[in-house]
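**Q** Here you go, one structure.
The values are calculated or read from the model by the stated rules, or taken from the named source; none is laboratory data. Keep in mind that this is a model prediction, so the values were computed, not measured. Counting neighbours? That spans all protein chains shown, and the Cβs are built from the backbone with ideal geometry, glycine included.
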Amino acid sequence: MRRAFLLLIATVVWAGSAIAEPPAAGDPIVIKFSHVAAPQAHKSKGAERFKALAEQYTGGRVRIELYPNSQLYKDKEELEALQLGAVEMLAPSLSKFGPLGIKAFEVFDIPFLFRDTTELARITEGPIGKDILGQLEAKGIVGLGYWNNGFKILSANTPLKQPDDLLGLKVRIQSSRVIEDQMTALGALPQVLAFSEAYQALSSGVVDGTENPPANFYNQKMFEVQRYATMTNHGFLGYALIVNRDFWNGLPADIRAAIERAVREATPYANAEAAKENDEAMAEMLKTGKTAFHTPSPDELATWKAALMPVRARMAERVGADLVRRIEAELAGPAP
Ligand code: LMR
């Protein structure tokens, strides 16, 4: 299946390059930027801001083409398409890099490791975040930066007041071993499904529950097919902005600098939109009354934390015990 898919992409890329005329002098360099979020989602807004800045700073020598909503590729396929050069740019969730053979990104999935986005920024905007992105080079990818979504809530069609309430429930997850271990620790049966398939799986009962920040829960209409949700905020969802390494290295240095500047300047906007949209999504979903949202009491939250603490110890081995220690030390230190 995977081999057939790779062959298909390789053929399309080969056929494309065989037919396509070489870009005429003066033609813009095209960057196809594919992602899985809805056109109205904050990731799309960040991508639009990035496009405007990149086109402005390169004086029109670069054209960014945006392909949201999995219209080109779903989760796993898009990473393969990037490696093969069928698209030039992506913004996948940090939870989706494990299948590429890079486990460090899954550190962001460790439950209750980060309290808020200020703590996250100390990692994503510092040397630790840079080192993690640097690991992509060996896979033919260059990491340009990180964008936030937010903290995740847990949902199902039965109330989730305590960890035991997940016992035996089938839960849709992203392709992260840390998230898989987290769901297993709660007694649930994790099932990896592409983002574009999550709503259908929930509405048809293929899975019983899921986790995601409110903005995704709202944009994908998951709230229409999930009667209960608990504001555990147990884990973070964020993205890495990545490009095909060979394409990137082939760009003139001034174009690379202009694109890096566009990413740098679009990032605070994308993160502010994410925070705003998560708040607005919560307000909208509360208004509809379709999902009953439960905010855990301090005692209930302590129970969730206790149930998920072993995941940190177990998964530190997978993502790198040194990396987890470095993050803990950075977060324990004085604020910059
Ligand atoms: C998911 O698959 O749940 C998310 O990573 C989707 C996204 O890009 O926000």
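**Q** Quick check: anything in region 319-336 under 27 Å from Val225 (Cα atoms) and buried (at least 17 other Cβ atoms within 10 Å of the Cβ)?
**A** no
**Q** Of the residues Thr124, Thr158, which single one is surrounded by fewer than 22 Cβ atoms within 10 Å (Cβ to Cβ) and β-branched (Val, Ile, Thr)?
**A** Thr158
**Q** If you don't mind, another one. Could you please find all residues in region 57-77 being away from the ligand (no atom under 14 Å from the Cβ) and either among the small types (Gly, Ala, Ser) or in contact (Cβ under 8 Å) with a residue 60 or more places away in the chain (or both)?
**A** Listed by number, the residues that qualify are Tyr57, Thr58, Gly59, Gly60, Arg61, Val62.
**Q** Based on what the data block shows, is Val142 more than 15 Å from the chain's Cα centre (by Cα), within 16 Å of the ligand (Cβ to nearest atom) and modelled with pLDDT of 95 or more?
**A** No.
**Q** Can you tell me which of Ala272, Ala316, Ala258, Ala253 is touching a helix residue (DSSP H, G or I) at 6+ places or on another chain (Cβ under 7 Å) and assigned by TED's automatic domain parsing to the domain that holds Glu78?
**A** Unique residue meeting the criteria: Ala258.
**Q** Next question, about the same structure. Checking the conditions here, which among Met231, Met222 is away from the ligand (no atom under 14 Å from the Cβ), closer than 21 Å to Thr291 by Cα and either assigned by TED's automatic domain parsing to the domain that holds Pro298 or surrounded by 23 or more Cβ atoms within 10 Å (Cβ to Cβ) (or both)?
**A** Met231
**Q** Leu323 - would you say it is in contact (Cβ under 8 Å) with a residue 40 or more places away in the chain and outside any helix (DSSP H, G or I)?
**A** In short, no.
**Q** For region 233-281, name all the residues that are in a helix (DSSP H, G or I) and either modelled with pLDDT under 95 or of a type in the set (Val, Ile, Thr) (or both).
**A** Selection gives Ile255, Ile259, Val263, Thr267.
**Q** While we're looking at this one, here's another question. In region 167-188, how many are away from the ligand (no atom under 13 Å from the Cβ), outside any loop (DSSP other than H, G, I, E, B) and surrounded by 17 or more Cβ atoms within 10 Å (Cβ to Cβ)?
**A** Final tally of qualifying residues: 8.
**Q** Another question, then. Being in the same structural domain as Asp165 (by TED's automatic domain parsing) and closer than 15 Å to Thr232 by Cα narrows it down to one of Lys305, Lys290, so name that one.
**A** Result: Lys305 is the single residue among Lys305, Lys290 that is in the same structural domain as Asp165 (by TED's automatic domain parsing) and closer than 15 Å to Thr232 by Cα.
**Q** Return the total of residues in region 145-184 being within 20 Å of the chain's Cα centre (by Cα) and acidic (Asp, Glu).
**A** Selection size over region 145-184: 2.
**Q** Scan region 78-101 for residues that are within 16 Å of the ligand (Cβ to nearest atom) and either out of contact with any helix residue (DSSP H, G or I) (no Cβ under 7 Å at 6 or more places or on another chain) or part of a loop (DSSP other than H, G, I, E, B) (or both) and report the count.
**A** The number of residues fulfilling the criteria is 8.
**Q** Within region 282-302, identify whether any single residue is within 26 Å of Ala104 (Cα to Cα) and touching a residue at least 12 places away in the same chain (Cβ under 8 Å), and answer yes or no.
**A** No.
**Q** So, Asp246, is that one of a type outside the set (A, V, I, L, M, F, W, C), in contact (Cβ under 8 Å) with a residue 12 or more places away in the chain, surrounded by fewer than 23 Cβ atoms within 10 Å (Cβ to Cβ) and under 27 Å from Leu193 (Cβ atoms) or not?
**A** Criteria not met by Asp246.
**Q** If you don't mind, another one. (1) within 16 Å of the ligand (Cβ to nearest atom); (2) over 16 Å from Val192 (Cα atoms): which one isn't true of Glu125, the others all being true?
**A** With (1) within 16 Å of the ligand (Cβ to nearest atom); (2) over 16 Å from Val192 (Cα atoms) applied to Glu125, the lone miss is (1).
**Q** Scan region 143-176 for residues that are among the charged types (D, E, K, R), in contact (Cβ under 8 Å) with a residue 24 or more places away in the chain and more than 21 Å from Glu197 (Cα to Cα) and jot them down.
**A** Lys161
**Q** For region 26-56, which residues satisfy the criterion of being part of a helix (DSSP H, G or I), of a type outside the set (A, V, I, L, M) and either in contact with an Asp or Glu (Cβ under 7 Å, 6 or more places away or on another chain) or buried (at least 24 other Cβ atoms within 10 Å of the Cβ) (or both)?
**A** Residues satisfying the conditions are His42, Lys43, Lys45, Gly46, Phe50.
**Q** Give Phe195, Phe108, Phe217 a once-over and let me know the one that is out of contact with any Pro (no Cβ under 6 Å at 6 or more places or on another chain), within 16 Å of the ligand (Cβ to nearest atom), within 25 Å of Trp248 (Cβ to Cβ) and at pLDDT 95 or above.
**A** Sole residue among the options that is out of contact with any Pro (no Cβ under 6 Å at 6 or more places or on another chain), within 16 Å of the ligand (Cβ to nearest atom), within 25 Å of Trp248 (Cβ to Cβ) and at pLDDT 95 or above: Phe108.
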